[in-house]
Amino acid sequence: MYNKIILAGNLTRDVEVRYTQGGSAIGNTAIATSRKFKSQTGEQKEEVLFVDLTFFGRTAEIANQYLRKGSKVLVDGRLKLDQWTAQDGTKRSKHSVTVENLQMLDSKRDSEQMAAQGGYNAPQQHDTYAQPAPSQPAPQAAPQQQAPTQTIPEIDISEDEIPF
């Protein structure tokens, strides 16, 4: 059997990362995709689909560091059926995607605008990725071109590990 799904869209929320007891990263977010079509009456319609995403390992850490709500991404992975019993006793289920490959689709200019608006620098409520503390306070009126290099923490990875 073959289980492969490819989705392109925008993230609906920031990536939330947690770590297992063994130290492996697990990241969760969701993607919104859409398709436009004409109905039988000739009316232009749009269908939007929301799908939960799960990243593992280094991909989860990279996604947490570089992606924010609204980021454009292309992901491929495996479709998974999650099943559970709700508090009221009813059985529930939903489909999600376990991401195997991630490609960031935002242009550099879009990333710079997001950073200038505080997207990369904004505090996260559920962020467990340890970011180094800044060595000096951020300047009040920094030029926009310098903002991404000052607000994005450095990580130690090789060229082969970068998904773009």
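Derivation of every value follows stated rules applied to the coordinates shown; laboratory data play no part. Predicted, not measured: the structure shown is a model, and the values here were computed from it. Cβ: placed from backbone, ideal geometry, glycine included. Neighbour counts: every protein chain shown.
Miscellaneous remarks
- Modelled FRET efficiency - R0 22 Å, L105 with D52, Cβ distances, 0.05 increments: 0.70
- Difference of contour (0.36 nm per residue) and Cα-Cα distance, Q83 to I26: 18.6 nm
- Remark: for residue pairs K4/K91; K4/K38; K4/K94; K45/K72; K38/K69; K38/K91, the C-alpha separation exceeds 24 Å in K4/K91; K4/K38; K38/K69; K38/K91.
- Annotation: extensible slack from K91 through T33 equals 18.2 nm (criterion: 0.36 nm per residue apart, minus Cα-Cα distance).
- Simple label model, 7 Å out from Cα along Cβ direction - D76 to Y19, nm: 3.2 nm
- Counting every C-alpha pair in the range 23-89, the share spaced more than 16 angstrom apart comes to 62%.
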